[in-house]
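Before any comments, here is the structure.
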Amino acid sequence: MLMFRLNIICVLLMVSFSILISCQRELSPYPQPVSKGFLLKDSNDNCSPIIANGVYNKDQRLNDSNYIDVDLNITSPGSYNITTDTVNGYYFNATGTILNTGVVHIKLAGSGKPVIAGTDFFTIKYDTSFCEFPVTMIDTTVHEASFTFEGAPDICANDTVYGSYINNVTLDTNDKVKMNLNVTAVGNYNISTNTVNGYSFSASGTFLSTGLQAVLLTASGTPLQKETDVFTVVADNSSCNFSVNVLVITNVSGNDYFPLTANSYWTYDDLVQTGDTLKKTIVDSTFINSYWYKITREDVAFGGPYNFYYRKAGADYFEYASPNEYTTFFQYKKPVEADIPLLEENLQTGSTWQSPEYIDTTINDTITLRYQFSCVDNDATVTLNNETFAHVYKIQMLPEIKTNNGVYSYTTEEYFFYYAKGIGLIYLKKTLGGFTQQELQIRNWHIE
């Protein structure tokens, strides 16, 4: 009987231990891979607007209304933990999991309690990229500041206008004007302009010290027509004037983002080799591997001309070329030319696609190459060389490679292609490790 009881106890202990181990396994799953990507930026490496939501008061702890919105371009899904630095007693943070590649919108909650009134500048980091953004802190116990604008009462001295001002295009936080002023007494400030042509500028905050300072006024509204607008900025019995040029959208007749009509041409300014220009002209057609390709001749100041081969199949555009054309990270020994899927139509912001795998040998290794594409913006408005283009696709392309049976890795090369509806490629930029290697912007064009 005693032996039977001992056996029962042993069985119960083994079952309990088994359940405990099972629970521990459930509570400790395999760790998720960490996501990869970039904070969203434009072709000039300017960060997309980071908006600080809510009201920020000195000595008041942040709550659910205090958060920032950021946009990420995800190249590899997985977990994330994004945190700003801590400034003036508070910070912003978000954790979670991203399931898809492409552009995603992330909300970072604010935590902490601001100590000093004024404008705080934060740095946010994700993967290898970083951006900066300001948050204005208000001290409701401080009196109004006293100051005068430089240049008052005439033209504002050393003012700088930022952003693009396009008729019938609503302004955002990228559209600002910097004003210089002389503070004679610290305190809170509220600065605004009159409304001209459907829009205006304003700023508020706290000056913590006296002397010469600069302040950024943010635009709001929608310019109604093309013209030069003169604004009067007024505050604390001081005023001055500044002007803003409103541009008009360039008219186009076609709907194609990559026109392939014979005799069409495009000329570009080379922003790396300053003063140089490049011209692309569709000169002929040729039949390759059962497909018709348009031959585009590229004329440059030094070398060339060079021929490129493009075709359209349905809503997709392909270039027939050596697969390693878009990477200088390595060179195939005897590259076999193939189609590279450069562009698709009917894109949405966040749409992604990738090329086939290209496998070939270099001098030392067998390397597999592929290109990752993502649509950063499917309806951008872009101004280049005093021309404003609407309905622009902003496409990012990242080359990735692997050797033997390894995993893909990013070559640190990054391309941006801007395609305007009815015109084609209007801007190209390539960076390697963050340094610009190639940059072209359109000067003129003719579409047959």
Within the stretch 63-117, tally of residues that are in contact with a Ser or Thr (Cβ under 7 Å, 6 or more places away or on another chain) and among the acidic types (Asp, Glu): 2
Single residue of LYS125, LYS178 found to be under 27 Å from PHE92 (Cα atoms), assigned to a strand (DSSP E or B), assigned by TED's automatic domain parsing to the domain that holds LYS41 and charged (D, E, K, R): LYS125
Residues (in contact with an Asp or Glu (Cβ under 7 Å, 6 or more places away or on another chain), crowded, with 16+ Cβ neighbours inside 10 Å and assigned to a loop (DSSP other than H, G, I, E, B)) located in the stretch 336-360: THR349
Number of positions in the stretch 230-240 that are crowded, with 18+ Cβ neighbours inside 10 Å and either without any contact (Cβ under 8 Å) to a residue 60 or more places away in the chain or touching an Asp or Glu at 6+ places or on another chain (Cβ under 8 Å) (or both): 3
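Per-residue answers, yes or no, for (1) of a type in the set (A, V, I, L, M, F, W, C); (2) in contact with a strand residue (DSSP E or B) (Cβ under 8 Å, 6 or more places away or on another chain); (3) over 17 Å from ALA420 (Cα atoms):
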| position | (1), (2), (3) |
| --- | --- |
| GLY254 | no, no, no |
| TYR257 | no, yes, no |
| VAL272 | yes, yes, yes |
| LEU278 | yes, yes, yes |
Test result for GLY110, under 26 Å from GLY37 (Cβ atoms) and either in contact with a strand residue (DSSP E or B) (Cβ under 9 Å, 6 or more places away or on another chain) or in contact (Cβ under 8 Å) with a residue 12 or more places away in the chain (or both): yes
Conditions (1) in contact with a His (Cβ under 7 Å, 6 or more places away or on another chain); (2) closer than 30 Å to LEU432 by Cβ; (3) crowded, with 18+ Cβ neighbours inside 10 Å; number of the one not met by TYR265: (3)
The stretch 362-376: number of residues that are touching a residue at least 40 places away in the same chain (Cβ under 8 Å) and either in the same structural domain as VAL104 (by TED's automatic domain parsing) or crowded, with 20+ Cβ neighbours inside 10 Å (or both): 5
Qualifying residues in the stretch 246-290 (those that are among the acidic types (Asp, Glu) and in a loop (DSSP other than H, G, I, E, B)) - the one farthest from LYS430 (Cα to Cα): ASP256
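The values are calculated or read from the model by the stated rules, or taken from the named source; none is laboratory data. Keep in mind the model is a prediction, meaning the values are calculated, not measured. All Cβ positions, glycine included, derive from the backbone under ideal geometry; neighbour counts span all protein chains shown.
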